[in-house]
Amino acid sequence: MQQILVRWYDEALKRKSQFLSELQQFLRIESVYNNSESRAMAPFGLGIAQALEHMLMLGERDGFITKNVDGYAGHIEMGDGEELIGVLGHVDVVSPGNTEWTSPPFAPEIRDGKLYARGAIDDKGPMMAAYFAMKIIKELNLPVHKRVRLIIGTDEEHQWRCVNHYFQHEEMPTMGFTPDADFPIIIGEKGLLSLTFTGQIKEIHSKESTWRLEEFSAGQESNKVPDLAIAKIEGDGDVFIVKELFQSFLLEHQTHGYAEEMDTGLQLVLHGVAHHAFEPNRGLNAALLLSKFLQQLSLDFQGSQYIEMFNQYFTDSFFGEKLGIAVTEEVLGSFTINVGICRYRQDGESSLTMNCRYPMGVNPDGLKERIAERLASYQLKLTNVEHLPLHYVNQEHELVQKLAHVYEEQMQQPAQLLTTGGATYARAIEVGVAFGPLFPGRLETAHQHDEHVEIDDLIRAIALYTQAIYELAK
Ligand SMILES: [Zn+2]
């Protein structure tokens with residue numbers, strides 16, 4: 001067999017200006033989820049539909065086979081053969097957020113070798129890099145004996161309805177990767193279990209109290225550490241004393257907040273630090289901290305039950321210790337739990353949504369039951385379960401071996417195999433891993449204001465993806 005020698009990086013570098021101009025156009029599309037624009041062929045809004053169409057239009061222009069699957073997802077396909085290799089990216093982006101950007105999020109700007117825009121690193125930049133990899137293989141006429149599909153998702157940042165719909169109608173690749181996380185290679189991801197408990201806590205015992213907890217609320221999404229918690233209390237206690245206590249509590253825990261007198265009673269507002277739910281110990285959970293404060297007050301029975309539950313099972317216990325379900329293993333690490341959404345109303349229903357990430361050797365049904373048993377004593381019942389099973393590809397698998405070889409050859413560095421508590425599209429395919437685009441040591445700016453990517457890194461990613469796709473499909 002003839003040995004093919006391609007200078008992967010040089011081929012990527014030759015196309016740098018074309019790549020940057022294509023990418024900047026693509027980044028101008030405001031592909032943020034917009035439920036109110038949902039319609040046929042645009043289930044997640046017009047911006048996202050336009051971004052999907054834009055990618056497919058490029059594919060068609062460059063002579064690939066393309067398909068739009070009901071506006072949920074699409075693909076760009078090359079090559080012939082039985083077997084199918086998948087590369088999965090997404091065109092939807094998270095909203096720009098509330099912090100002012102240095103340059104507008106949808107007007108890409110290059111400063112100091114970095115490209116700034118929403119989607120630059122998550123995931124339009126890497127998706128365009130993977131597309132250019134396919135273009136290079138086509139332009140160089142490299143012999144491939146399998147089909148390769150760039151599968152374009154549109155709802156990655158929300159509910160993955162895109163890939164779910166896609167794989168209900170389209171072929172499952174035998175293996176593949178997603179350019180939507182970190183280099184070198186992520187081969188394992190923890191299982192995800194999001195549990196919602198609901199109930200109306202009833203007065204069982206009468207209790208002497210100075211304050212009644214009227215409302216308690218924190219968090220919007222279970223996959224984030226809540227950075228704001230609010231409680232309303234009413235009663236005939238001394239407002240001044242509570243304010244003083246609260247101030248010194250905030251000081252002691254080095255955070256901000258305030259107590260405000262209302263028409264009736266007092267509103268307490270506490271700020272925490274948001275963080276991704278897979279590392280709950282690295283944020284500052286506002287709900288847990290505020291409940292810790294409230295425990296010092298003399299509260300009514302119902303309110304004190306809700307607050308006690310946090311302190312009993314969750315406060316300062318991010319690995320399930322207080323629930324008696326802590327577990328750590330070598331491959332995927334520790335079980336983690338994040339209390340993400342809390343709602344309490346004195347005169348209505350209360351709820352609690354937690355996001356758990358479990359490693360190998362844990363039975364998710366058993367886990368669910370054990371937490372439910374504990375919370376039953378607080379009159380809360382399990383009412384909703386969302387589950388993503390854990391995902392793992394053996395390091396001996398040809399997919400991992402080939403990607404590791406490509407990485408080591410081009411980077412002249414060992415391809416360390418990683419695992420994560422997060423969820424990537426790698427799970428959407430039966431045999432899938434995450435492969436880039438963030439290089440070790442680089443600052444993570446996805447989902448943040450001033451999101452950016454090092455342009456040189458994207459060019460290197462094109463080179464890696466080109467060789468990777470070629471090695472997998474040859
Ligand atoms: Zn992403």
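Applying the criterion of being farther than 25 Å from ASN34 by Cβ and of a type in the set (Val, Ile, Thr) to the residues of segment 153-186, the residue that is nearest to the ligand (Cβ to nearest atom) is ILE186. Within segment 307-354, restricting attention to residues that are in contact with a Pro (Cβ under 7 Å, 6 or more places away or on another chain) and closer than 25 Å to ILE230 by Cα, the residue that is surrounded by the most Cβ atoms within 10 Å (Cβ to Cβ) is ASN338.
Here's the yes/no breakdown for (1) without any contact (Cβ under 8 Å) to a residue 24 or more places away in the chain; (2) crowded, with 24+ Cβ neighbours inside 10 Å; (3) in the same structural domain as GLN18 (by TED's automatic domain parsing):
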{"site": "ASN98", "(1), (2), (3)": "yes, no, yes"}
{"site": "GLY119", "(1), (2), (3)": "no, yes, yes"}
{"site": "LYS124", "(1), (2), (3)": "no, yes, yes"}
{"site": "ALA129", "(1), (2), (3)": "no, yes, yes"}
{"site": "ASN141", "(1), (2), (3)": "yes, no, yes"}
{"site": "LYS146", "(1), (2), (3)": "no, no, yes"}
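With respect to GLU157, is the statement that it is of a type outside the set (S, T, N, Q) and within 30 Å of MET354 (Cβ to Cβ) true? Judged against the criteria, GLU157 is a match.
The requirement of being of a type in the set (Val, Ile, Thr), touching a residue at least 60 places away in the same chain (Cβ under 8 Å), assigned to a helix (DSSP H, G or I) and in contact with a strand residue (DSSP E or B) (Cβ under 8 Å, 6 or more places away or on another chain) is satisfied by ILE48. Every test in (1) assigned to a strand (DSSP E or B); (2) in contact with a helix residue (DSSP H, G or I) (Cβ under 6 Å, 6 or more places away or on another chain) is passed by GLU77 save one, and that test is (2). Among the candidates LEU213, LEU192, the residue that is part of a strand (DSSP E or B), under 15 Å from LEU294 (Cβ atoms) and in contact (Cβ under 8 Å) with a residue 60 or more places away in the chain is uniquely LEU213. The residue of segment 67-81 that is surrounded by the most Cβ atoms within 10 Å (Cβ to Cβ), among those that are out of contact with any Pro (no Cβ under 9 Å at 6 or more places or on another chain) and closer than 16 Å to CYS162 by Cβ, is ALA73. For segment 74-114, a residue qualifies if it is within 16 Å of the ligand (Cβ to nearest atom) and over 19 Å from THR174 (Cα atoms), and the qualifying residues are HIS90, VAL91, ASP92, VAL93, VAL94, SER95, PRO96, GLY97, PRO105. Can you pull out every residue in segment 369-395 that is farther than 24 Å from ILE307 by Cβ and charged (D, E, K, R)? Selection gives GLU369, GLU386.
Just to be sure before I move on: is ALA376 touching a Gly at 6+ places or on another chain (Cβ under 6 Å) and surrounded by fewer than 21 Cβ atoms within 10 Å (Cβ to Cβ) in the structure I sent? Criteria not met by ALA376.
Could you list, in sequence order, the residues of segment 15-42 that are part of a helix (DSSP H, G or I) and surrounded by 14 or more Cβ atoms within 10 Å (Cβ to Cβ)?
Of everything in segment 15-42, those that are part of a helix (DSSP H, G or I) and surrounded by 14 or more Cβ atoms within 10 Å (Cβ to Cβ) turn out to be LYS16, PHE19, LEU20, GLU22, LEU23, GLN24, PHE26, LEU27, GLU37.
When segment 430-445 is filtered for residues that are surrounded by 19 or more Cβ atoms within 10 Å (Cβ to Cβ) and small (Gly, Ala, Ser), the ones remaining, listed by number, are GLY432, ALA434, GLY436. Screening the candidates THR99, THR154, THR174 for the property of being hydroxyl-bearing (Ser, Thr, Tyr), out of contact with any strand residue (DSSP E or B) (no Cβ under 8 Å at 6 or more places or on another chain) and more than 23 Å from ILE455 (Cα to Cα) yields one hit, THR99. Please go through segment 193-216 and pick out each residue that is surrounded by 19 or more Cβ atoms within 10 Å (Cβ to Cβ) and in contact with a Lys or Arg (Cβ under 6 Å, 6 or more places away or on another chain). Listed by number, the list holds a single entry, GLU214.
Name the residue, out of LEU56, LEU46, that is out of contact with any helix residue (DSSP H, G or I) (no Cβ under 8 Å at 6 or more places or on another chain), modelled with pLDDT of 95 or more, assigned by TED's automatic domain parsing to the domain that holds GLU444 and surrounded by 15 or more Cβ atoms within 10 Å (Cβ to Cβ).
Working: LEU46 fails: out of contact with any helix residue (DSSP H, G or I) (no Cβ under 8 Å at 6 or more places or on another chain).
Only one candidate passes the filter, namely LEU56.
Residues in segment 419-440 that are within 16 Å of the ligand (Cβ to nearest atom), assigned to a strand (DSSP E or B) and farther than 15 Å from VAL163 by Cα: 5 in all.
Just to be sure before I move on: is ILE136 touching a Cys at 6+ places or on another chain (Cβ under 9 Å) and outside the structural domain of ILE371 (by TED's automatic domain parsing) in the structure I sent? When the stated conditions are applied, ILE136 does not pass them.
The values are calculated or read from the model by the stated rules, or taken from the named source; none is laboratory data. As the structure is a computational prediction, the values presented were derived from the model and not from experiment. Backbone-built Cβ (ideal geometry, glycine too); neighbour counts: all protein chains shown.
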